Amino acid sequence: MTTRDPHPLDLLREEARHADPRAVQRDLNARPLPTLEPGTWRAGAEETLRDCTGMERKIQMEMRIGLEGHLDGLPLRPTAPLADMTLPELLTEHAEGRRMLLCLLDRLLTVGEAHDIRAWTMGEEVPPAVYVLALRGRLARLDGYIHEERVTP
């Protein structure tokens, strides 16, 4: 008999039983955005920003799908192809996209307090309390990739 490590989603479900989703949300809102920090960028920054911004767009779609039927009044932000954007445009797009992502998270948590909704993460539908914890880890990884593209003096 072998002992397997628990699936990351099982760990998040357990953490969600004791976590305050709104506290996690406040922490996400308080984090400084890595694209707004001062400094210079490495040569590969554009590709990393395209990848990270694309992943954040995917995350937004996960939340929008989970909010089906509860999207009234929620803005739909038009986006341009990331492949055509220059570094300054990518920096602006990432900041605006993150603001929208956090707005969607607020809606997901608010609606989730009154309705049984689910959002997709790690290949499964999960309640908002689990989703926000998964989101925290995903955004931390994406922010780490962006930080790696900074030239430190």
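The values are calculated or read from the model by the stated rules, or taken from the named source; none is laboratory data. Source: prediction; values computed, not measured. Virtual Cβ from ideal backbone geometry, glycine too; neighbours counted across all protein chains shown. For the accessible areas, the whole protein counts, side chains as well, though only heavy atoms, and no ligand, DNA or RNA atoms are used. Shrake-Rupley method; radii C 1.70, N 1.55, O 1.52, S 1.80 Å.
Hey, can you tell me all the residues within the range 43-56 that are of a type outside the set (A, V, I, L, M, F, W, C) and either farther than 14 Å from ALA83 by Cβ or buried (at least 16 other Cβ atoms within 10 Å of the Cβ) (or both)? GLY44, GLU46, THR48, ARG50, THR53, GLU56, listed by residue number. Name the single residue, out of those in the range 117-143 being closer than 26 Å to THR35 by Cβ and at pLDDT below 95, that is surrounded by the fewest Cβ atoms within 10 Å (Cβ to Cβ). That would be MET122. Taken over the range 61-79, the criterion of being in contact (Cβ under 8 Å) with a residue 12 or more places away in the chain and more than 19 Å from the chain's Cα centre (by Cα) is satisfied by HIS70 alone. Being open to solvent by 30 Å² or more (accessible area, probe 1.4 Å), closer than 25 Å to GLU148 by Cα and out of contact with any Lys or Arg (no Cβ under 6 Å at 6 or more places or on another chain) is true of ASP27.
Among residues of the range 77-116 being outside any helix (DSSP H, G or I) and among the charged types (D, E, K, R), the one that is most open to solvent (accessible area, probe 1.4 Å) is ASP116. With respect to the conditions (1) part of a loop (DSSP other than H, G, I, E, B); (2) open to solvent by less than 20 Å² (accessible area, probe 1.4 Å); (3) not charged (D, E, K, R), PRO38 lacks only one, and its number is (2). Among the residues of this structure, LEU33 counts as one that is in contact (Cβ under 8 Å) with a residue 24 or more places away in the chain and within 15 Å of LEU102 (Cα to Cα). Among residues of the range 57-76 being out of contact with any strand residue (DSSP E or B) (no Cβ under 9 Å at 6 or more places or on another chain) and under 15 Å from HIS94 (Cβ atoms), the one that is least open to solvent (accessible area, probe 1.4 Å) is GLN60.
The rows are residues; the columns are (1) modelled with pLDDT under 95; (2) within 16 Å of LEU91 (Cα to Cα).
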| residue | (1), (2) |
| --- | --- |
| ARG22 | no, no |
| GLN25 | no, no |
| THR40 | yes, yes |
| GLU47 | no, yes |
